[in-house]
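Student: Quick one: the structure is below, and I'll ask about it shortly.
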Amino acid sequence: MISEVKTALAGFRLWPGALGVGAQVELLDAVFARLETAPLYRPVTPGGRPLSVQMSNFGPLGWVSDRRGYRYQPTHPQTGASWPDIPQALLDLWAATVGGPAPDACLVNLYRDGARMGLHQDRDEADLSIPVLSVSLGDAGMFRIGPAEAGRTLTLRLESGDVCALTGPARLARHGIDRVLEGSSRLIPGGGRLNLTLRRAGLSPG
Ligand code: MD3
Ligand code: FE
């Protein structure tokens, strides 16, 4: 790997195939059950453009975007209801991988119909030293990651069942999803790629 990328990405950990097919199906069922009460929607950017990705959240706090900006809030912007709880399997996965303060936010991203996510940093959380954990389900996605400020990026294919953690210097890495390989998985009815990201968004206790 190119040294500059390697330095910036120290702390990027990938567990390919961490979830077997059975665990993927169980997790997907838990996710779809919760999406009945917290429906997917397309947030708009502060500039007023709808994101191509459909989103929802689980946990005490959910990431939202609208004309007022990006933030975490306790309720669904369309229903006004509290977000559903984070599936236990995800809390267990967090404890078994990154540990430390428990996650209080699980962002659900569904990529369908050519949806993508441009290069960005995740910096809306109160404590940027706490890791992010990501679980990929369904169609494979071409994931791009590079140094925080500028410079060369690295592309890798995230498959259904892959888990990755962003800790240390990688926590502020720029990253995005360039494209989804439609039809590469049969896991999700109707197709698409579903990504679950666990974060500590609010201040951690203590
Ligand atoms: C690297 N999601 O929700 S997951 C996001 O696949 C987001 O939906 C992508 O970027 C997705 O913000 C990528 C992998 C990931 C998640 C969080 C990160 C990579 C990250 C935080 C810092 C650096
Ligand atoms: Fe991100």
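The values are calculated or read from the model by the stated rules, or taken from the named source; none is laboratory data. Owing to the predicted nature of the structure, the values given are computational and were not obtained by experimental measurement. For neighbour counting, all protein chains shown are included, and Cβ atoms are generated from backbone atoms with ideal geometry for every residue, glycine included. Accessible surface areas use protein heavy atoms only, side chains included; no ligands, DNA or RNA. Shrake-Rupley method; radii C 1.70, N 1.55, O 1.52, S 1.80 Å.
Student: Tell me which residues, restricted to segment 65-95, are in contact (Cβ under 8 Å) with a residue 40 or more places away in the chain and closer than 18 Å to His120 by Cα.
Tutor: Within segment 65-95, Tyr70, Arg71, Tyr72 meet the criteria.
Student: Take the conditions over 13 Å from the mean Cα position of the chain (by Cα) and either crowded, with 16+ Cβ neighbours inside 10 Å or of a type outside the set (A, V, I, L, M, F, W, C) (or both) and apply them to Thr167. Does it pass?
Tutor: Details: over 13 Å from the mean Cα position of the chain (by Cα): yes; either crowded, with 16+ Cβ neighbours inside 10 Å or of a type outside the set (A, V, I, L, M, F, W, C) (or both): yes.
Yes.
Student: Scan segment 113-133 and give yes if some residue there is among the β-branched types (Val, Ile, Thr) and within 22 Å of Pro43 (Cβ to Cβ), otherwise no.
Tutor: Yes; the residues of segment 113-133 include at least one that is among the β-branched types (Val, Ile, Thr) and within 22 Å of Pro43 (Cβ to Cβ).
Student: Gly62: out of contact with any helix residue (DSSP H, G or I) (no Cβ under 8 Å at 6 or more places or on another chain) and in contact (Cβ under 8 Å) with a residue 24 or more places away in the chain, yes or no?
Tutor: Judged against the criteria, Gly62 is a match.
Student: Further question: Can you find even one residue in segment 118-135 that is in a loop (DSSP other than H, G, I, E, B) and either under 24 Å from Gly20 (Cα atoms) or modelled with pLDDT under 95 (or both)? Break it down into steps so the answer makes sense when it comes.
Tutor: Step one: filter segment 118-135 for residues in a loop (DSSP other than H, G, I, E, B), giving 121-131.
Then keep just the ones that are either under 24 Å from Gly20 (Cα atoms) or modelled with pLDDT under 95 (or both); that gives 131.
For segment 118-135, residues in a loop (DSSP other than H, G, I, E, B) and either under 24 Å from Gly20 (Cα atoms) or modelled with pLDDT under 95 (or both): present.
Student: Does Leu137 count as surrounded by fewer than 19 Cβ atoms within 10 Å (Cβ to Cβ) and either over 17 Å from Cys106 (Cβ atoms) or of a type outside the set (Ser, Thr, Tyr) (or both)?
Tutor: Details: surrounded by fewer than 19 Cβ atoms within 10 Å (Cβ to Cβ): no; either over 17 Å from Cys106 (Cβ atoms) or of a type outside the set (Ser, Thr, Tyr) (or both): yes.
So Leu137 does not fit the description; no.
Student: Let me ask you something else. For Gly183, indicate whether it is surrounded by fewer than 19 Cβ atoms within 10 Å (Cβ to Cβ) and away from ligand 2 (no atom under 13 Å from the Cβ).
Tutor: Judged against the criteria, Gly183 is a match.
Student: Please verify whether segment 117-132 includes one or more residues that are touching a Cys at 6+ places or on another chain (Cβ under 9 Å), open to solvent by less than 30 Å² (accessible area, probe 1.4 Å) and more than 10 Å from ligand 1 (Cβ to nearest atom).
Tutor: So far as segment 117-132 goes, no, none of its residues is touching a Cys at 6+ places or on another chain (Cβ under 9 Å), open to solvent by less than 30 Å² (accessible area, probe 1.4 Å) and more than 10 Å from ligand 1 (Cβ to nearest atom).
Student: Oh, and also: Collect the residues in segment 186-198 that are within 18 Å of Gln54 (Cβ to Cβ) and within 16 Å of ligand 2 (Cβ to nearest atom), keeping them in residue-number order. Talk me through it step by step, then tell me what you get.
Tutor: Quick first cut of segment 186-198, residues within 18 Å of Gln54 (Cβ to Cβ) only: 187-197.
Listed by number, the residues that qualify are Arg193, Leu194, Asn195, Leu196, Thr197.
Student: Hey, can you tell me all the residues within segment 109-166 that are at positive phi and either out of contact with any strand residue (DSSP E or B) (no Cβ under 8 Å at 6 or more places or on another chain) or within 13 Å of ligand 2 (Cβ to nearest atom) (or both)?
Tutor: We begin by selecting, within segment 109-166, every residue at positive phi; these are 113-114, 138, 151, 161.
Within segment 109-166, Asp113, Gly151 qualify.
Student: Is there any pair linking a residue in segment 169-191 that is in contact (Cβ under 8 Å) with a residue 24 or more places away in the chain to one that is near ligand 1 (Cβ under 10 Å from one of its atoms) and polar (S, T, N, Q), with Cβ under 7 Å and at least six apart or on different chains, and which?
Tutor: Pairs found: Leu172/Gln121; Arg174/Gln121.
Student: Let me ask something else about it. Could you check Ile145 against (1) in contact (Cβ under 8 Å) with a residue 60 or more places away in the chain; (2) open to solvent by 40 Å² or more (accessible area, probe 1.4 Å) and say which number it fails?
Tutor: (2)
Student: Sticking with this structure for a sec: Would you mention how many residues in segment 18-51 are in contact with a strand residue (DSSP E or B) (Cβ under 8 Å, 6 or more places away or on another chain) and under 17 Å from Arg112 (Cα atoms)?
Tutor: Residues that pass the stated criteria total 11.
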